[in-house]
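All remarks here apply to the structure that follows.
The values are calculated or read from the model by the stated rules, or taken from the named source; none is laboratory data. These numbers were taken from a predicted model, which means no experiment stands behind them. No Cβ is skipped: glycine too gets one built from the backbone with ideal geometry, and neighbour counts run over all protein chains shown. With ligands, DNA and RNA removed, areas are computed over all heavy atoms of the protein, side chains included. Shrake-Rupley method; radii C 1.70, N 1.55, O 1.52, S 1.80 Å.
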Amino acid sequence: NTYSMASMQSLSGYIEDTQKLLMSSLDAKCQTVERTCDLGDLLHFFAFDVLGEIAFGRRFGFLESGYDIEGAIKTIDDVQWYDGIVGQIPEWDFVFRRNPLAKFLPGMDPSKSLITRMALEELEKRKRYGEKVVDRKDLLSQLMAANEKAPENFKESDVFAVAHGAM
């Protein structure tokens with residue numbers, strides 16, 4: 001049910017709020033002297049803020065700030081590039097990313113990225129305070145409910161993996 005049309009429609013108001021923010025960002029760009037903007041960046045920021053609303057019940061803040069906060073989007077792009085290459089020879093992952101020394105190399109510790117930190121923070125907050133933390137049934141709350149129903153089949157690590165993977 002998490003990805004059903006009804007679930008997505010229940011979040012449409014939040015998506016529309018983010019859409020209004022995109023439009024106001026475009027309007028603001030049109031009011032500047034140069035009247036230019038990188039539409040690709042704005043649409044990227046929009047997409048990630050919408051995903052934040054759907055997955056975690058809050059935006060990441062890319063549209064408000066107007067830039068890639070902490071290089072989070074670039075990090076995801078880099079990881080996809082890495083996964084595309086290493087996916088061809090999975091054993092390489094044990095040499096590079098899964099190597100115990102990798103966390104000491106700059107940029108190789110995924111737990112330091114904004115998206116990962118946000119997912120971990122939201123998961124921890126909801127475990128501590130319950131469902132009352134958010135005013136909607138977002139992806140994370142639905143995944144946590146599935147975990148409560150059948151923890152032996154859908155572990156907490158699965159909750160994190162799916163919510164984080166949605167990004």
- Any residue in region 73-96 that's touching a residue at least 60 places away in the same chain (Cβ under 8 Å): show its pairings with residues that are surrounded by 14 or more Cβ atoms within 10 Å (Cβ to Cβ) and among the β-branched types (Val, Ile, Thr) at Cβ separation under 9 Å, as long as the two are six or more apart or on different chains. Ile76/Ile115
- Query: Residues of region 47-79 being at pLDDT 90 or above, over 12 Å from the mean Cα position of the chain (by Cα) and of a type in the set (A, V, I, L, M, F, W, C), which ones?
  - Reply: Leu63, Ile69
- Task: Please find, within region 29-48, the residue that is nearest to Tyr67 (Cα to Cα) out of those that are open to solvent by 60 Å² or more (accessible area, probe 1.4 Å) and part of a helix (DSSP H, G or I).
- Result: Asp41
- In the set Leu123, Leu51, Leu139, the lone residue that is of a type in the set (A, V, I, L, M, F, W, C), touching a residue at least 40 places away in the same chain (Cβ under 8 Å) and open to solvent by 40 Å² or more (accessible area, probe 1.4 Å) is Leu51
- Which of the following residues is in contact with a His (Cβ under 9 Å, 6 or more places away or on another chain) and on the phi < 0 side of the Ramachandran plot: Phe45, Phe62? Phe62
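Mind checking whether some residue in region 116-128 is closer than 27 Å to Asn1 by Cα and more than 18 Å from the chain's Cα centre (by Cα)?
Yes, the conditions are met somewhere in region 116-128.
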- Message: Could you tell me how many of the residues in region 24-48 are touching a residue at least 12 places away in the same chain (Cβ under 8 Å) and of a type in the set (Val, Ile, Thr)?
- Response: 0
- Task: Confirm whether Tyr82 is open to solvent by 90 Å² or more (accessible area, probe 1.4 Å) and aromatic (Phe, Trp, Tyr).
- Result: no
- Query: Applying the selection to region 1-19, what residues are surrounded by 10 or more Cβ atoms within 10 Å (Cβ to Cβ) and assigned to a loop (DSSP other than H, G, I, E, B)?
  - Reply: Thr2, Tyr3, Ser4, Leu11
- Say whether the condition of being open to solvent by less than 40 Å² (accessible area, probe 1.4 Å) and free of Cβ contacts under 8 Å to residues at least 12 places away in the same chain is met by at least one residue in region 58-69. no
- Lone unmet requirement of (1) modelled with pLDDT under 90; (2) among the hydroxyl-bearing types (Ser, Thr, Tyr); (3) more than 22 Å from the chain's Cα centre (by Cα) for Thr2: (3)
